[in-house]
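Written below as structure tokens is the structure these notes are about.
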Amino acid sequence: MVGIVGYGAYVPSYRIKVEEIAKVWGDDPVALSNGLVVNEKSVPSADEDTATIAVTAARYALARAQIDPQKIGAVYVGSESHPYAVKPTATIVAEAVCATPDLTAADLEFACKAGTAGIQMSMGLVESGMIEYGLAIGADTSQGAPGDALEYTASAGGAAYVIGKKDVLAEIEQTYSFTTDTPDFYRREGEDYPSHGGRFTGEPAYFKHVLSAAKNLFELTDSQASDYDYACFHQPNGKFYLRAAKKLGFTPEQYSQGLLTPNIGNTYSGAVPLALSNILDVAEPGDKIFVVSYGSGAGSDGFTLEVTDEILKKRDLAPKTEDIISNKTYVDYAVYAKFKGKIKM
């Protein structure tokens, strides 16, 4: 069965607290933290972007996969903050991990679910026999306009997955997607910051798609929440994540390991890949995992996985997600604004 052969995560070490941002704009930090369920977020340094995050995560994934990079037949990098408008991130990653030149590569964009779309594409190519391994990455250095609500959550990070059939550490048993044209969030070409559609963001967008994908995946697999050991969902903030998990019948024991937003913010395309990597860091053979991503515009990809004995051999071959997140240095708003290019010279 097609599954995950290796995985790797990366989150920049810099952090900014909610109260530091609130102090600049005169907002109530306690109300914001409680309302969003976010305490602080990651900040990319001046020399970090989606490409550097993707390369680091990919190298960790290959360290766990223990395969020859030349056997990778496809590299997909999902992001809404690619460093170039015209010049793929995927080729940078492919070259950096020594996978070139006999492969296909492409950048993907579907708001926050472009990373999981890459996993699905890799699954199809591997299952068809066209390639032996695929490398799918979700990574972002997301944007939030100064003073906008997004500034409290938009962060940076990503995770990479080697998809194949041999020595899989987690089998991907089923995948399902739910997609509509719902304009809840967008950024036009040339604009520095995205816009969000207010009333479209919650019920018509995030909850409709995440809950529909999850319920249809339950039906497709003849399963229910109690059949899974772990679950994770897209997390634009902690509030939405917790509400979706509870509505679907999952308990804190099932969904807590995947909830990273309170400590690193919303990593957009990296959110679900990072959540899954944190779960794989602690999961045991035989554990079942339920995953649903979300991307504005709008759509959700759902997956059911079962962990295999290979996890015990591969887990410690690269840094664990929690260890990466724990390595942090706090910055003030001025340094944050400089690193994020909010100061125009």
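General observations
- Selected residue (criterion: modelled with the lowest pLDDT) from residues of region 12-49 that are closer than 30 Å to P83 by Cβ and among the small types (G, A, S): A46
- For region 145-159, filtered to residues that are open to solvent by 10 Å² or more (accessible area, probe 1.4 Å) and among the small types (G, A, S), the residue that is farthest from A114 (Cα to Cα) is G147.
- Among the residues of region 229-238, not a single one is under 15 Å from Y176 (Cα atoms), in contact (Cβ under 8 Å) with a residue 24 or more places away in the chain and among the charged types (D, E, K, R).
- Unmet requirement for R243, which otherwise passes all of (1) free of Cβ contacts under 8 Å to residues at least 24 places away in the same chain; (2) under 27 Å from V43 (Cα atoms); (3) of a type in the set (K, R): (1)
- Taking strands (runs of 3 or more DSSP E) as the structural unit, those lying wholly within region 60-143 and holding at least 3 residues that are free of Cβ contacts under 8 Å to residues at least 40 places away in the same chain correspond to 104-108.
- None of Q120, Q70 is in contact with a Phe, Trp or Tyr (Cβ under 9 Å, 6 or more places away or on another chain) and on the phi < 0 side of the Ramachandran plot except Q120.
- Count - residues of region 319-331 that are open to solvent by less than 70 Å² (accessible area, probe 1.4 Å), assigned to a loop (DSSP other than H, G, I, E, B) and not hydrophobic (A, V, I, L, M, F, W, C): 2
Yes/no matrix, rows are residues, columns are (1) polar (S, T, N, Q); (2) part of a strand (DSSP E or B); (3) open to solvent by 20 Å² or more (accessible area, probe 1.4 Å):
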residue	(1), (2), (3)
M1	no, no, yes
G6	no, yes, no
A9	no, yes, no
I21	no, no, no
V24	no, no, yes
A31	no, no, yes
K41	no, yes, no
S45	yes, no, no
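- Inter-residue pairs, beta-carbon under 8 Å, first open to solvent by 10 Å² or more (accessible area, probe 1.4 Å) and in region 278-292, second in a strand (DSSP E or B) and among the polar types (S, T, N, Q), 6+ apart: K288/T304
- Scan of region 326-345 for residues that are of a type in the set (A, V, I, L, M, F, W, C) and under 24 Å from the mean Cα position of the chain (by Cα), ordered by number: V331, A337, F339
- Some residue of region 299-318 being under 26 Å from V18 (Cβ atoms), touching a residue at least 24 places away in the same chain (Cβ under 8 Å) and either buried (at least 17 other Cβ atoms within 10 Å of the Cβ) or of a type in the set (A, V, I, L, M, F, W, C) (or both): no
The values are calculated or read from the model by the stated rules, or taken from the named source; none is laboratory data. Treat the numbers as computed from the prediction; the structure is a model and nothing was measured. Every residue, glycine as well, gets a Cβ built from its backbone with ideal geometry; the counts of neighbours run over all protein chains shown. Remember, those area values only see protein heavy atoms, side chains included, never the ligands or the DNA or RNA. Shrake-Rupley method; radii C 1.70, N 1.55, O 1.52, S 1.80 Å.
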